């Protein structure tokens, strides 16, 4: 398929996602700067009262694609009263661009009114997969993550997804919010191509650090969520910036959010970013971080 965007030389326009390099994610190679759809339907994640403008959200998705983003992360439970992230993706890419990878997550459940329900049982995962297929208008989900709750065995849930993969409904499998032990357990059932755990510059839980090291050892992708929001999580970043982040941002002439995202990409070639936004200007800033190369001194300052 012919590319619908052109790479820009530095200074000639917005940087494209190619600047960050690429990584093999399942059956496709994607640029390391992707797009997270959690805030696409609603300005405040999981809020019914702050639905975004539909046309603007679709414009953001198409602009992301123009900028070389080919990895979009979504879920059926990303919705507001009026909008669904999955259906926005379906509308933005009606031709089903074969060069993009749409990853989704199963496990969590919300009622039609937006309330959180009990996580899906192993037998209920098929219904969640089929709902994602329906909303996205696809015959197969390229990558599906099992979002894990708790520290116990995930064999039954992951085994159910492995069966759906054998049935051809899923291309590749990932896990989210897991320990090294749970990653090992899943890998013994079916190939795991990617892990999503909470991780960021000032939010580095021991479990995430251990999983990052293990994914690097195994040569599989690590896709942190809340990389910019940190401990603010779904609410977004709410705390004051550290002196170190502000210093690097001012020295570089970039925003503190860009510093955080760029630092994340520096944590390993297998680390992929999925920043989300409903704002075109913020989108271009997010994509531009792929071209930022910190010095060793800057990395030491930030990591301290």
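The values are calculated or read from the model by the stated rules, or taken from the named source; none is laboratory data. These figures come from a predicted structure and were not determined experimentally. A quick note on method: Cβ atoms are made from the backbone with ideal geometry, for glycine too, and the neighbour counts reach across all protein chains shown.
Name the single residue that is modelled with the lowest pLDDT among those in region 112-123 being surrounded by 15 or more Cβ atoms within 10 Å (Cβ to Cβ) and outside any helix (DSSP H, G or I).
Among them, the one singled out is 114.
Can you tell me which residue within region 72-111, out of those that are part of a helix (DSSP H, G or I) and touching a strand residue (DSSP E or B) at 6+ places or on another chain (Cβ under 7 Å), is surrounded by the most Cβ atoms within 10 Å (Cβ to Cβ)?
Taking region 72-111 as the starting set, the residues that turn out to be part of a helix (DSSP H, G or I) are 85-92.
Pick out the ones that are also touching a strand residue (DSSP E or B) at 6+ places or on another chain (Cβ under 7 Å) and you get 85, 89.
Values: 85: 29, 89: 25.
Of everything passing the filter in region 72-111, 85 is surrounded by the most Cβ atoms within 10 Å (Cβ to Cβ).
Quick check on this structure: which one of 162, 242, 172, 216 is surrounded by fewer than 19 Cβ atoms within 10 Å (Cβ to Cβ) and within 17 Å of residue 107 (Cβ to Cβ)?
162
Sort out which residues of region 27-49 are part of a loop (DSSP other than H, G, I, E, B), crowded, with 16+ Cβ neighbours inside 10 Å and modelled with pLDDT of 85 or more, and write them in order of number.
Across region 27-49, the qualifying residues are 32, 34, 37, 38, 39, 40, 41.
Assigned to a loop (DSSP other than H, G, I, E, B) and on the phi < 0 side of the Ramachandran plot: is that true of residue 268 in this structure?
On the way: assigned to a loop (DSSP other than H, G, I, E, B): yes; on the phi < 0 side of the Ramachandran plot: no.
When the stated conditions are applied, residue 268 does not pass them.
Which residue, of 126, 24, 52, 63, is within 24 Å of residue 262 (Cα to Cα) and buried (at least 17 other Cβ atoms within 10 Å of the Cβ)?
Values: 126 fails: within 24 Å of residue 262 (Cα to Cα); 24 fails: buried (at least 17 other Cβ atoms within 10 Å of the Cβ); 52 fails: within 24 Å of residue 262 (Cα to Cα).
Result of the check over 126, 24, 52, 63: 63.
Could you look through region 132-157, keep only residues that are over 20 Å from the mean Cα position of the chain (by Cα) and in a helix (DSSP H, G or I), and pick out the one that is surrounded by the most Cβ atoms within 10 Å (Cβ to Cβ)?
So, considering only residues that are over 20 Å from the mean Cα position of the chain (by Cα) and in a helix (DSSP H, G or I), the one surrounded by the most Cβ atoms within 10 Å (Cβ to Cβ) is 157.
Could you look through region 191-213, keep only residues that are in a helix (DSSP H, G or I), more than 18 Å from the chain's Cα centre (by Cα) and in contact (Cβ under 8 Å) with a residue 24 or more places away in the chain, and pick out the one that is surrounded by the most Cβ atoms within 10 Å (Cβ to Cβ)?
So, considering only residues that are in a helix (DSSP H, G or I), more than 18 Å from the chain's Cα centre (by Cα) and in contact (Cβ under 8 Å) with a residue 24 or more places away in the chain, the one surrounded by the most Cβ atoms within 10 Å (Cβ to Cβ) is 207.
Going through 262, 257, 227, 273 one at a time, which residue ends up being closer than 20 Å to residue 60 by Cβ, more than 14 Å from the chain's Cα centre (by Cα) and crowded, with 21+ Cβ neighbours inside 10 Å?
257
Working only within region 175-190, note down all residues that are touching a strand residue (DSSP E or B) at 6+ places or on another chain (Cβ under 7 Å) and not in a helix (DSSP H, G or I).
Result: 175, 176, 177, 178, 190.
From 57, 22, 51, grab the single residue that is under 18 Å from the mean Cα position of the chain (by Cα) and touching a residue at least 12 places away in the same chain (Cβ under 8 Å).
57
Can you go through 223, 180 and tell me which one is closer than 22 Å to residue 22 by Cβ and at pLDDT 95 or above?
223
Residues 284, 234: which one is at pLDDT 95 or above and assigned to a helix (DSSP H, G or I)?
284
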